[in-house]
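Q: Pasting a structure here, questions to come.
The values are calculated or read from the model by the stated rules, or taken from the named source; none is laboratory data. Fair warning: this is a prediction, and the values are worked out from it, not measured in the lab. Cβ: placed from backbone, ideal geometry, glycine included. Neighbour counts: every protein chain shown.
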Amino acid sequence: MLYLVISTPHFSKPEDVKIARPEFKSWIEDLKSKNKVISTYHKMGKGSVVIFDVSSNDELHSVLTQWLDIVPVPVSYEIHPLVTPSKGE
């Protein structure tokens, strides 16, 4: 199941998340190596856009909980389920 997740951190200065960046990058790279992340992008200003490929809503919930454990500021997520078109469409 593919999900487009857009994060928007609130009430943070760049130095508030500076320490978390290496851990976040390592966490994302680990998920990429497990084929759980298709791609990632930084948003202009603050936040990230990630396309996850997970097996269930529960797995997505687990991944987003891990994300919240890494980022030390309040974050909101916009979550969009995606459809993979069949070949030939």
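Q: Mind listing whichever residues of the stretch 38-89 are farther than 13 Å from residue 5 by Cα and small (Gly, Ala, Ser)?
A: Of everything in the stretch 38-89, those that are farther than 13 Å from residue 5 by Cα and small (Gly, Ala, Ser) turn out to be 45, 55, 56, 62, 86, 88.
Q: Then there is this: Which one is nearest to residue 8 (Cα to Cα), of the residues in the stretch 32-72 that are among the hydroxyl-bearing types (Ser, Thr, Tyr) and surrounded by 15 or more Cβ atoms within 10 Å (Cβ to Cβ)?
A: Filtering first and then ranking leaves 48.
Q: Would you be able to tell me the number of residues in the stretch 42-85 that are assigned to a helix (DSSP H, G or I) and not hydroxyl-bearing (Ser, Thr, Tyr)? Write out each step before concluding.
A: Going through the stretch 42-85, the residues assigned to a helix (DSSP H, G or I) turn out to be 57-70.
Keeping just the survivors that are not hydroxyl-bearing (Ser, Thr, Tyr) gives 57-61, 63-64, 66-70.
Residues meeting the conditions: 12.
Q: OK, next. Which residue pairs have Cβ atoms closer than 9 Å, lie 6 or more positions apart in sequence or on different chains, and pair a first residue in the stretch 16-42 that is aromatic (Phe, Trp, Tyr) with a second residue that is in a helix (DSSP H, G or I) and at pLDDT below 90?
A: Going by the 9 Å Cβ cut-off, the qualifying pairs are 24/17; 24/70; 27/70.
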